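Visitor: Before we start, here is the structure in question, set down as structure tokens.
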Amino acid sequence: MGRAGRDPSFFKYVEGSVADRLLNRTQYALTQLDPAENPYLQWILTGQHITALPYALRPEHFETIRANLDRLEWHCCSVEDYLDQSSTQQSCTAIDRYNLSDIFEYLAPESAQQLLQKLVRSGRKGGRLAYWNMLAPRSRPEAMADQLQPLTELAQKLYSQDKAFFYSAFVVEEIL
């Protein structure tokens, strides 16, 4: 994992064996999902895409991506700084959807809750947060039950099909 860019400090909040958890998910990807259709597995094992491409690299999506490039914004700052800056701007529009990767993985539970609160404040009612847990379990704390609703069935359905197999959970939550 260190050679793949994961500093040992990234595993500060992990309980249990990192190797065992990754092995179980890899076994799932190799036996329950079709490796020929998994671009992430192919890249990890071979360093190239052989029979499967990620959605963004598929030729049929090229024109759609090109037509929407003007909608992309780049902000070179932390998520927290961006949310703080955008909340002070009068022209700020609430955010409908968050794809947060595994952002909470490396945060203490208290810091994760603080970030969740900022995301909710910057989000629109009915907006959704989507994020993965790799090894450290994170989701909406009970103290935020009046602000976020877990969409557990949807998350589990999507997780069972997830080609990014190395995560231990997928979380979808809706802003109340």
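Visitor: Considering the stretch 125-150 alone, what residues qualify as being in contact with a Lys or Arg (Cβ under 9 Å, 6 or more places away or on another chain) and basic (Lys, Arg)?
Guide: The answer is 128, and nothing else.
Visitor: Could you check, for the stretch 98-108, whether at least one of its residues is surrounded by fewer than 16 Cβ atoms within 10 Å (Cβ to Cβ) and either touching a residue at least 40 places away in the same chain (Cβ under 8 Å) or in a strand (DSSP E or B) (or both)?
Guide: Within the stretch 98-108, one or more residues are surrounded by fewer than 16 Cβ atoms within 10 Å (Cβ to Cβ) and either touching a residue at least 40 places away in the same chain (Cβ under 8 Å) or in a strand (DSSP E or B) (or both).
Visitor: Now for a different question. Could you tell me how many of the residues in the stretch 146-176 are in contact with a Leu (Cβ under 9 Å, 6 or more places away or on another chain), assigned to a loop (DSSP other than H, G, I, E, B) and either modelled with pLDDT of 95 or more or of a type in the set (Lys, Arg) (or both)?
Guide: Number of matching residues: 4.
Visitor: Quick check on residue 113: is it at pLDDT below 90, out of contact with any strand residue (DSSP E or B) (no Cβ under 9 Å at 6 or more places or on another chain) and not aromatic (Phe, Trp, Tyr)?
Guide: Here the answer is no, as residue 113 does not meet what is asked.
The values are calculated or read from the model by the stated rules, or taken from the named source; none is laboratory data. Bear in mind that the values here come from a model prediction, so they are computed numbers and not experimental data. A quick note on method: Cβ atoms are made from the backbone with ideal geometry, for glycine too, and the neighbour counts reach across all protein chains shown.
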